[in-house]
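Structure, as structure tokens:
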Amino acid sequence: MEWFGENPPTAIVTGGASGIGRAVCELLSKEGYRVAVADRDKAGAEEVAHHIDGHPFEVDVADEASVVALFEGALAVFGGTLDALATPAGIADTTPFMELTAETFRRVYDVNVVGTFLCVREAAKRMRAGGRICTVASVAGKRGGGLSGTAAYAASKGAVLALSRNAARALAPLGIAVNCVAPGATETPMVAQAFADRDHRERVESLTLLGRSAAPGEIAEAIAWLLSPRSSFVHGETLTVDGGLMLD
């Protein structure tokens, strides 16, 4: 694989302490990246970073100053270069539509949408031509929920889809590619509570052609590909990784 010069490629992964984010950190490390493991869970980020010989950072992606500090800190560690960004950081919400408050809606939106925007913006400021960004939406953003996440979550992930397309347009002249992955049901801590209901889990998994949920590593493979030169002619695309759920 060809990178920028002789130095190994560098990547920042938000939500890196668990779930899809952790799987991305582990895979990128195996592929030769120097990885900044960023998460609100400081101890979790430190554990993953130790495991992969990466660099831990505590961040609240909904807080602009915290995001700026993350990128400044990571670039200082990396020696001023950033080649890739993945943004799995996010939160879910299962509040029924009629019980959903504006406060909860805003919190989900702040983390999932504003957090993604801030990270993409700060990455773009620090990337050279050839840099690659992969955001993380959800099939909930395509189908309007109906699985585990409800209105706030589905709306936020739909916004990530639109944001990703706009970022692809805006950053293409700089030589920076932006793509998105939309996972289906994936076995992560974020859905553990919802999946504790066996009937609910069976209903969700029955909607897929494969009859199961994804492992985090299966989603990470798609993200890693979109961050690599192997996907050099893929720009502004959303790759749905859902076991055939959207064909239902």
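Bear in mind these aren't lab numbers, they're just calculated from the coordinates by the rules spelled out. This is a predicted model, so every value here is computed, not measured. Positions of Cβ are generated from backbone atoms using ideal geometry, with glycine treated the same way; all protein chains shown enter the neighbour counts.
Yes or no, residue by residue, for (1) farther than 21 Å from Ala62 by Cβ; (2) touching a Phe, Trp or Tyr at 6+ places or on another chain (Cβ under 6 Å); (3) β-branched (Val, Ile, Thr); (4) surrounded by 21 or more Cβ atoms within 10 Å (Cβ to Cβ):
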| site | (1), (2), (3), (4) |
| --- | --- |
| Ala123 | no, no, no, yes |
| Met127 | yes, no, no, yes |
| Gly141 | no, no, no, yes |
| Ala154 | no, no, no, yes |
| Ala172 | yes, no, no, no |
| Asn179 | yes, no, no, yes |
| Glu187 | yes, no, no, no |
- Message: If I filter the stretch 180-195 for residues that are touching a Pro at 6+ places or on another chain (Cβ under 7 Å) and among the aliphatic types (A, V, I, L, M), do I get at least one hit?
- Response: no
- How many residues does the stretch 103-130 hold that are farther than 25 Å from Ala74 by Cβ and either acidic (Asp, Glu) or in a loop (DSSP other than H, G, I, E, B) (or both)? 1
- Scanning the stretch 72-102 residue by residue, those in a loop (DSSP other than H, G, I, E, B) and under 20 Å from the mean Cα position of the chain (by Cα) turn out to be Pro88, Ala89, Gly90, Ile91, Ala92, Asp93, Thr94
- Could you run through the stretch 193-220 and say how many residues are surrounded by 18 or more Cβ atoms within 10 Å (Cβ to Cβ), among the hydrophobic types (A, V, I, L, M, F, W, C) and not in a helix (DSSP H, G or I)? 2
- Message: Of everything in the stretch 90-121, what is touching an Asp or Glu at 6+ places or on another chain (Cβ under 7 Å) and crowded, with 18+ Cβ neighbours inside 10 Å? Give them in sequence order.
- Response: Val108, Leu118
- Of the residues that make up the stretch 95-106, is at least one aliphatic (A, V, I, L, M) and touching a Gly at 6+ places or on another chain (Cβ under 8 Å)? no
- Query: Taking the stated definitions as given, is Leu226 assigned to a helix (DSSP H, G or I) and either surrounded by 14 or more Cβ atoms within 10 Å (Cβ to Cβ) or over 15 Å from the mean Cα position of the chain (by Cα) (or both)?
  - Reply: yes
- Item | Contacts under 6 angstrom Cβ, first residue in the stretch 17-39 being in contact (Cβ under 8 Å) with a residue 24 or more places away in the chain, partner aromatic (Phe, Trp, Tyr), 6 or more apart | Ala36/Phe57; Ala38/Phe57
- Query: Are there any pairs with C-beta distances below 9 angstrom linking a residue in the stretch 70-96 that is more than 22 Å from Asn179 (Cβ to Cβ) to a residue that is surrounded by fewer than 23 Cβ atoms within 10 Å (Cβ to Cβ) and of a type in the set (Asp, Glu), with the two at least 6 apart or on different chains, and if so which?
  - Reply: Glu72/Glu122
- Item | Positions within the stretch 16-71 being surrounded by fewer than 17 Cβ atoms within 10 Å (Cβ to Cβ), part of a helix (DSSP H, G or I) and not acidic (Asp, Glu), in sequence order | Lys30, Lys42, Ala43, His50, His51, Ala65, Val68, Ala69
- Query: In the stretch 171-192, how many residues are in a helix (DSSP H, G or I) and in contact (Cβ under 8 Å) with a residue 12 or more places away in the chain?
  - Reply: 6
